[in-house]
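Novice: Quick one: the structure is below, and I'll ask about it shortly.
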Amino acid sequence: MQTTIDYFGESHRILRQTVSRFVQKEIKPYVEEWEETGEFPRELFVKAAEVGLMGVCYPEDWSGIDTDLFHEVVVTEELTRSGSGGIAAGLMSHSIALPPILALGNSEQKLRFIPPVLRGEKIAALGITEPGGGSDVANIRTRAVRDGDYYVVNGAKTMITSGCRADFVTMAVRTGETGYKGISLMVVETGTPGFTVSKKLRKMGWWASDTAELSLVDVRVPAENRLGGEGAAFYGLMHNFQKERLYIAVMANTTAQMALEESLNYAGAREAFGRPLTGFQVTRHKLVDMAVLVEVSREFTYRIAAKIQAEENMVKEISMAKVFSTDICDRVCHAAVQIHGGYGYMREYPVERLYRDSRILSIGGGTTEIMKEIISKMIL
Ligand SMILES: Cc1cc2nc3c(=O)[nH]c(=O)nc-3n(C[C@H](O)[C@H](O)[C@H](O)COP(=O)(O)OP(=O)(O)OC[C@H]3O[C@@H](n4cnc5c(N)ncnc54)[C@H](O)[C@@H]3O)c2cc1C
């Protein structure tokens, strides 16, 4: 019988220690400040790269560290344990921006774009969502028209993580007919004339990650920045979604675990009517319900990760994992705030931020409703 122990070996344990130390030293002391300012220092990317965190699970040919998927699970879990989903999301925005380059790019493009990001020198973002819609990816309107050796790009993107200060955006654009077949991916370098950050967006949670609205007016993108052939975006993006959904599920499970731990501590220490909160059966059972949900969700996610690692097609199951883990995360965080009473509503208590940060997880990387559409097509 397989247990969680089997998913993580010695190299995962060492990596966990490394990331945990990094989080304790370089992130934890500054979380409040960065959450308030809505940004963390750019040098954090370099520091993270120095301890080998940025390149985990990337081929060594492109300055990565070729490891199995569970090493990236470890990185996601430990960064989430910083208590700021925004820092984890912002620091790791390359985890959604680089895979399409890996999947579709040629050697020259990989060499140009991947190593500087994994060294922490450059910041990469992924630009799919547009003001007109995010779920309906096939309906992307940002248009790229071929003009000799260039594409002239016009349009807008929104809610782009790390978009305010990215050096390049792996962007989905329309180069042809309506629908998926007319969408291409290209690397748009943000210093190109006509590219502007039109707005830094203010958010409910993930405060420490910058989130941008981008405007593109006659931006001339070299044709050599196109990833794969015209209309090849579908393959590159599908490649991305499976892993992105796994990382979001891992974030959700870890966020829920933290909310549970905070609640166990608080309920043991706080007294009401002359006894600790754990003296009330209703509180004990609430804590048990939370523990059951977190345990089941985490085990299911690990199991699916193991199957993805074994290169099994897990589109249906990873969609299920995202639906389940993000739902239990919302429920566990809600219960955690309730157990904390009024203090759960106060900034000083970690559950307040966990509750706010949780809300994006069932929306980003494909909403719960879109996950259910995917699952329904596979089971009906
Ligand atoms: C903090 C944050 C960071 C983000 N980072 C990025 C990023 O880095 N890059 C990027 O490209 N995007 C990013 N996004 C955007 C995110 O991916 C989208 O918000 C998401 O895909 C949903 O798109 P939408 O907001 O346009 O909602 P819509 O697509 O307009 O959906 C609105 C509602 O309608 C439902 N709906 C839509 N279609 C259907 C359907 N067919 N059936 C049933 N229900 C449906 C949705 O589930 C949702 O409930 C980010 C968003 C946030 C909030």
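The values are calculated or read from the model by the stated rules, or taken from the named source; none is laboratory data. Please read all numbers here as calculations on a predicted model, not as lab measurements. With ideal geometry, Cβ positions are generated from the backbone for all residues, glycine too; neighbour counts draw on all protein chains shown. Remember, those area values only see protein heavy atoms, side chains included, never the ligands or the DNA or RNA. Shrake-Rupley method; radii C 1.70, N 1.55, O 1.52, S 1.80 Å.
Novice: Which of the listed residues, 128, 64, 90, is farthest toward the dipole's positive end in region 32-172, when Lys, Arg count +1 and Asp, Glu count -1 at the beta-carbon?
Specialist: Looking along the dipole axis, the top candidate is 128.
Novice: For the chain, set up a GNM with springs between Cα atoms under 10 Å and report which of 17, 242, 257 has the largest fluctuation.
Specialist: 17
Novice: So, in Å, what gap is there between the alpha-carbon centers of region 87-103 and region 110-142?
Specialist: Comparing the Cα centres of region 87-103 and region 110-142, I get a distance of 8 Å.
Novice: Kindly provide log₁₀ I(q)/I(0) values, in the same order as q = 0.15, 0.16, 0.32 Å⁻¹, from the Debye equation applied to equal alpha-carbon scatterers of region 66-112.
Specialist: Here the Debye-derived log intensity ratios amount to -0.50, -0.56, -1.10.
Novice: Most fluctuating residue of 178, 76, 367 in a GNM of the chain with Cα springs under 10 Å: which is it?
Specialist: Of 178, 76, 367, the most mobile in the Gaussian network model is 178.
Novice: Something else: Before I look further, what does the chain give for accessible area per residue, probe 1.4 Å, in whole square angstrom?
Specialist: 45
Novice: Counting only C-alpha contacts under 8 Å and six or more residues apart, can you give the relative contact order of the chain as a whole percent?
Specialist: Working: 685 pairs, mean separation 60.0, N = 380.
Contact order relative to length: 16 percent.
Novice: Seen from all sides and averaged, what is the projected area of the convex hull of the Cα atoms in region 153-239, in nm²? Intermediate results must be reported in sequence, preceding the final value.
Specialist: On the way: hull surface 24.7 nm².
Convex hull of Cα atoms, orientation-averaged projection: 6.2 nm².
Novice: Looking at the chain as a GNM with Cα springs under 10 Å, which of 344, 365, 163 has the largest mean-square fluctuation?
Specialist: 344
Novice: Right, another one. Once the other residues with Cβ under 14 Å from the Cβ of residue 227 are scored (Lys, Arg +1; Asp, Glu -1), what is the net sum?
Specialist: Working: positive: 110, 112, 226; negative: 108, 189, 224, 230.
Within the 14 Å Cβ shell, the charges total -1.
Novice: Using the crude model of +1 on Lys and Arg Cβ and -1 on Asp and Glu Cβ, and no other charge, please compute the dipole size for region 1-66 relative to its Cα centre, in debye to 20.
Specialist: The calculated dipole for region 1-66 is roughly 280 debye.
Novice: Based on the Kirkwood radius over alpha-carbon pairs, what is the Stokes-Einstein translational diffusion coefficient of region 4-118 at 10 °C with 1.306 mPa s viscosity, in µm²/s? Before the final figure, lay out the partial values.
Specialist: Values: Rh = 14.8 Å.
D, rounded to a whole number, is 107 µm²/s.
Novice: Now for a separate question. Hey, what did region 196-328 get for relative contact order, percent, Cα under 8 Å, at least 6 apart? Don't skip to the end; give the middle numbers.
Specialist: Details: 92 pairs, mean separation 32.7, N = 133.
So the answer I get is 25 percent.
Novice: Within the chain, what whole-number % of the accessible surface is contributed by carbon and sulfur, with the 1.4 Å probe and all protein chains included in the calculation?
Specialist: Values: 9160 of 17160 Å².
In the chain, the share of accessible area belonging to carbon and sulfur is 53 percent.
Novice: In addition: What number, in nm² with one decimal, is the all-direction average of the projected area of the convex hull of the alpha-carbon atoms of region 295-380?
Specialist: Numbers: hull surface 25.7 nm².
Average projection, Cα convex hull of region 295-380: 6.4 nm².
Novice: Averaged over every viewing direction, what's the projected area of the C-alpha convex hull for region 226-347? Give it in nm², one decimal, please. Mind showing how you got there, number by number?
Specialist: Details: hull surface 39.2 nm².
Averaging across all directions leaves 9.8 nm² for the Cα convex hull.
Novice: Give the residue from 306, 323, 265 lying farthest towards the positive end of the charge dipole for region 245-344; charges sit on Cβ (+1 for Lys and Arg, -1 for Asp and Glu) and the dipole is referred to the Cα centre.
Specialist: 265
Novice: How many angstrom separate the Cα center of region 162-233 from the Cα center of region 24-54?
Specialist: Taking the Cα centre of each part, region 162-233 and region 24-54 sit 25 Å apart.
Novice: Once Rh is set to the Kirkwood radius over Cα pairs, what Stokes-Einstein translational diffusion coefficient, in µm²/s, holds for the chain at a temperature of 4 °C and a viscosity of 1.567 mPa s? The partial results should precede the final answer.
Specialist: On the way: Rh = 21.5 Å.
Translational D for this selection: 60 µm²/s.
Novice: As a test of the formula, what do you get for the chain when each DSSP H run with n ≥ 4 contributes -39,500 (n - 2.57) and the sum is divided by the residue count, at 222 nm and rounded to the nearest 500 deg cm²/dmol?
Specialist: Numbers: 14 runs with 185 residues, N = 380.
Dividing the helical sum by the residues of the chain leaves -15500 deg cm²/dmol.
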